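The values are calculated or read from the model by the stated rules, or taken from the named source; none is laboratory data. It should be emphasised that the depicted structure is a prediction, and the values quoted were computed from it without experimental measurement. Quick reminder, even Gly has a Cβ in these numbers, built from the backbone with ideal geometry, and neighbours come from all protein chains shown.
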Amino acid sequence: MIVVVEGISAAGKTTWCRNHAERLLVRESYPSPRPDRNADAMKAAQAWTDWNARRWADALATEEERGVAVCDTDPLKLHFIWGLWRIGEAPKEHWLYQLEETREAFRRKVLGFADIYLVKRIDPATARRQRDGDTERDRSNFDLHARLQASLHAWYEAIAGCVPAKVEWALPCGLPAGRCIGTKAHRYDVDLFDRFVASLPKG
């Protein structure tokens, strides 16, 4: 079973993961330096997809070893560039390049849908207070992430409507009980991926 924990910056994702899933955790991580979409959007889309696929591979390895993997942020991560496009912070071409690379990753079965999504809804003012109280992490992009929350929620509402995976809109008191029921055939279903993308809000 692969569990994804999502929410905006300072929502409490990492704290929850450390408290409830330290031994099962696939940590949030980024390539360094980060690929520059403005310099070469197609190359950046490939680089981000390759990085996300490595995180997905880590999740599969943890699942194989321990039965459950918990990902601090979704390895798929496609919602981020979609959200940037929706709020006018990225051109449509950036979204389409990343979409194409991600769809190919589904076809090659190196990225997929998780089994359970835990999505933390939080008032941005509360998240800001939590951000201000955390001196260990640099959250210089907090305001941008707060603006992305509506798109983040729309993304996982579409997941809930299309994908045979469980979506919960809060972080529970512990790990979801039991194992994922079913064949997990949805993980790499390209047709399902296409239907999901088509169901996303337009514009």
Next item on the list: Please determine, by comparing only the residues of the stretch 33-90 that are in contact with a strand residue (DSSP E or B) (Cβ under 7 Å, 6 or more places away or on another chain) and of a type in the set (D, E, K, R), which one is nearest to MET1 (Cα to Cα).
Entry: GLU63
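Looking at MET42, is it surrounded by fewer than 17 Cβ atoms within 10 Å (Cβ to Cβ) and not small (Gly, Ala, Ser)? Walk me through it before giving the result.
Values: surrounded by fewer than 17 Cβ atoms within 10 Å (Cβ to Cβ): yes; not small (Gly, Ala, Ser): yes.
Here the answer is yes, as MET42 does meet what is asked.
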Checklist line | Options LEU60, LEU25; residue that is among the hydrophobic types (A, V, I, L, M, F, W, C), touching an Asp or Glu at 6+ places or on another chain (Cβ under 7 Å), within 24 Å of TYR117 (Cβ to Cβ) and at pLDDT 95 or above | finding: LEU25
Next item on the list: Could you list, in sequence order, all residues of the stretch 158-203 that are small (Gly, Ala, Ser), modelled with pLDDT of 90 or more, closer than 15 Å to ASP115 by Cα and in a helix (DSSP H, G or I)?
Entry: ALA158, ALA160, GLY161
Check: Just checking, which of ALA90, ALA105, ALA61 is in a helix (DSSP H, G or I), in contact with a helix residue (DSSP H, G or I) (Cβ under 6 Å, 6 or more places away or on another chain), without any contact (Cβ under 8 Å) to a residue 60 or more places away in the chain and not hydroxyl-bearing (Ser, Thr, Tyr)?
Finding: ALA105
Margin query: I need a count of the residues in the stretch 28-57 that are within 15 Å of LYS77 (Cα to Cα) and either within 12 Å of the chain's Cα centre (by Cα) or of a type outside the set (Lys, Arg) (or both).
Written below: 18
Item checked: Contacts under 6 angstrom Cβ, first residue in the stretch 70-85 being under 14 Å from LYS120 (Cβ atoms), partner in a loop (DSSP other than H, G, I, E, B), 6 or more apart -> ASP72/ARG27; ASP72/GLU28; THR73/GLU28
Margin query: Considering only the stretch 26-43, I want to know if a residue exists there that is farther than 20 Å from ALA154 by Cβ, in contact (Cβ under 8 Å) with a residue 12 or more places away in the chain, of a type in the set (Val, Ile, Thr) and in a helix (DSSP H, G or I).
Written below: no
